1. Given Cα pairs under 8 Å that are at least 6 residues apart, what percent is the relative contact order of the range 47-204?
2. Return a whole-number percent for the relative contact order of the range 1-130, with Cα pairs under 8 Å and 6 or more residues apart as the contact set.
3. By how many nm would the segment from Glu118 to Gln196 lengthen if fully extended, with 0.36 nm per residue of separation less the alpha-carbon distance?
4. Counting C-alpha atoms alone, how compact is the range 47-204: give Rg to one decimal and Dmax as a whole number, in angstrom.
5. For the peptides 102-115, 152-165, what is the packing order when you average, over each peptide's residues, the other Cβ atoms within 10 Å and list the highest mean first?
6. Based on the Cβ-Cβ distance of Ser180 and Lys32, what FRET efficiency does E = 1/(1 + (r/R0)^6) give at R0 = 45 Å, to the nearest 0.05?
Amino acid sequence: GTAAREAVPVLEGALKDKDPGVRFAAGAALAKLGLPGEGLPVLIAALKDESAGRQGTAARLLGEVGPPAKAAIPAIMELLKDDEGSVRMYAAEALGKIGPAAKEAVPALIDALNSGGEYLPCPAAQALGRIGPAAKAAVPALREALKDEKARVREAAAQALGEIGPAAKEAIPALRKALSDEYVREAAAEALKKIQTAAAPRAAGTTQPGGKQ
């Protein structure tokens, strides 16, 4: 609204404040207004902050910015190895929201998927799916993730393979096998439809449209 537009010059001025906390708050506010602009360098710098909370918030906000935050990708990738679990999660989610522009992060996301941690593999798989066909190199790792002990990881892997599309055709046998997994059945059927663009495979023929979760 009008008030938000009027606040922009004030916020841009605050980006030059001596206090790093003020600069960060201004950059965050501009990002929330959908006008990251000059605030991007402040948010990128915050990815290296000593505060895990500020790092995670910066990653989350940069993810909301989307593709225009491409310059932040190398710094966000570093956070995939952070000691703090929440920071690693926010980093993976941010890379996914940046989308295909984050294709350089595919190897790092594959490592995150294979990390076996409690929380990181699922957002890593989701991020690879959002990167789409450019994440083709992740197909073998995603295929293996269909056998993960956690249902949410198996489901995220199936969905990601579907988003990668025909380039994930080598995963078709594994996805067909996943049709017998009650937690992954719908996601696997939907993925098979997307990969086999000509027609839905016979095994997935009974799945109702819109089965994707």
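Every read-out reported here was derived from the displayed coordinates using simple, explicitly stated rules and does not represent laboratory data. Predicted, not measured: the structure shown is a model, and the values here were computed from it. Positions of Cβ are generated from backbone atoms using ideal geometry, with glycine treated the same way; all protein chains shown enter the neighbour counts.
1. Numbers: 297 pairs, mean separation 24.4, N = 158.
The normalised contact order for the range 47-204 reaches 15 percent.
2. On the way: 195 pairs, mean separation 22.0, N = 130.
Averaging sequence separation for qualifying contacts and normalising by length gives 17 percent for the range 1-130.
3. Numbers: separation 78, 0.36 × 78 = 28.08 nm, distance 3.22 nm.
Length difference between fully extended and current span is 24.9 nm.
4. 15.4, 54
5. Values: 102-115: 20.9, 152-165: 25.7.
Highest mean packing first, the order is 152-165, 102-115.
6. Values: r = 45 Å, r/R0 = 0.99.
In this case the efficiency is close to 0.50.
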